[in-house]
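The values are calculated or read from the model by the stated rules, or taken from the named source; none is laboratory data. The shown structure was predicted, so the numbers you read here are calculated from the model rather than taken from an experiment. When we count neighbours, we look across all protein chains shown, and the Cβ atoms used for this are built from the backbone with ideal geometry, even at glycine. Please note that ligands, DNA and RNA were not included when accessible areas were found on the heavy atoms of the full protein model with its side chains. Shrake-Rupley method; radii C 1.70, N 1.55, O 1.52, S 1.80 Å.
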Amino acid sequence: MTHHLSAGKARSGPYSVLVTPESAGWGYSGLRVLPLEPGGSHAFGTGDSEWIVLPLAGSCTVTVDGTAFRLTGRDDVFSGVSDFAYAPRDARVTVDSPGGGRFALTGARCGRRLPARYGPASSVPVELRGTGDCSRQVNNFGAADVFECANLIAVEVITPGGNWSSFPPHKHDEHRPGEESELEEIYYFEFTGHDGTPGLGYQRVSPSGRGRGTDVLAEVRDGDVVLVPDGWHGPSMAVPGHHMYYLNVMAGPGDDRAWLIRDHPDHAWVRDTWPDRPADPRLPLYTAAERSV
């Protein structure tokens, strides 16, 4: 199976990216990226999955079973935190965008039906992880301990040009109570350009001895997707001069909806060096109070 889907490879119908549990060959995680022209509208049924509608660029109104949530959104993923809307399983959803834009639909199969809700940008914790050239910014809009979902976990990560994130390499491909979760993961990438030159980066996933023995070393660009059913994932490397953004979507069979990871034993020591180094002064690129539209 191909675990690196370059831009366009996962295009289907109205979606520039469509990853389903069936297309990924796993059980739970899904992602759709929906571009809309000004005045555009799209309707879908949530089926057996819960969804968060997250503006990547632009604003929209998300209507869930007749209840409307107006999302202010943002210019792009590098300009600010976005508000979002949650739609439960077995619901009917419409996304309308008078000005047009690009919207991520992060999803997970689940058995429990929660109420539809609005997530304000002001409630999204912006976290700095790592230090030095391992510094990155995490927008925890759908983190397990931040926003209630039945099964879905979703966050945004921004890595400044020249830095490494998803490092030390880590995994979450087996259930070890209190130590590691079993979670399928999707990475969706965007980059800043420079003088008309598109950005790029690199993504590594190496076999952990579990599952399919996933092994990926990919050059990634705008709109690319990497599927991680198992394995040590990381580093995610942003080339100098181009900031890297990735959207992580995770879900699995566990009942506790927890993100518990195990670091690669060869590289776990890197975490011990972080307290002695400052965070990259370029971070945070923005906070929840500084979004731009």
Simple label model, 7 Å out from Cα along Cβ direction - residue 11 to residue 194, nm: 2.8
Extension gain (nm, one decimal) between residue 268 and residue 179, 0.36 nm per residue minus Cα-Cα: 30.6 nm
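If I stretch the segment between residue 219 and residue 277 completely, what's the gain in nm (0.36 nm per residue apart, minus their alpha carbon distance), one decimal? Walk me through the numbers on the way to the answer.
Values: separation 58, 0.36 × 58 = 20.88 nm, distance 2.88 nm.
Using 0.36 nm per residue and subtracting the Cα-Cα distance, I get 18.0 nm.
Using packing as a proxy for protection, rank 48-57, 142-151 so that the peptide with the highest average count of other Cβ atoms within 10 Å comes first.
On the way: 48-57: 23.5, 142-151: 18.9.
Ranked by mean Cβ neighbours within 10 Å, highest first: 48-57, 142-151.
Beyond 32 Å, what percent of the Cα pairs of the chain remain?
Every Cα pair in the chain considered, those over 32 Å come to 19 percent.
Using mean Cβ contacts within 10 Å as the protection proxy, how do 28-38, 266-276 order, highest first?
28-38, 266-276
Using helices alone, I'd like the mean residue ellipticity at 222 nm for the chain: each DSSP H run of four-plus residues gives -39500 (n - 2.57), total over residue count, nearest 500. Show your work: numbers first, answer last.
On the way: 2 runs with 8 residues, N = 293.
Calculated mean residue ellipticity at 222 nm is -500 deg cm²/dmol.
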Difference of contour (0.36 nm per residue) and Cα-Cα distance, residue 23 to residue 2: 6.5 nm
Kirkwood Rh, Cα atoms: Rg over Rh of the range 184-251: 1.02
Charge dipole (the chain, unit charges on Cβ, about Cα centre) - positive-most of 260, 241, 20: 20
Estimated distance in nm for a label pair at residue 113 and residue 133, the labels positioned 7 Å out from Cα along Cα-to-Cβ: 5.3
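Once neighbouring chains are kept in place and the probe is 1.4 Å, which whole percent of the accessible area of the range 1-119 is contributed by carbon and sulfur?
On the way: 2220 of 4500 Å².
The value for the range 1-119 is 49 percent carbon and sulfur by accessible area.
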Unit charges at the beta carbon, dipole of the range 1-143: most positive-side option, 8, 78, 59: 8
For the range 62-146: relative contact order, % (alpha-carbon pairs under 8 angstrom, 6 or more apart): 26
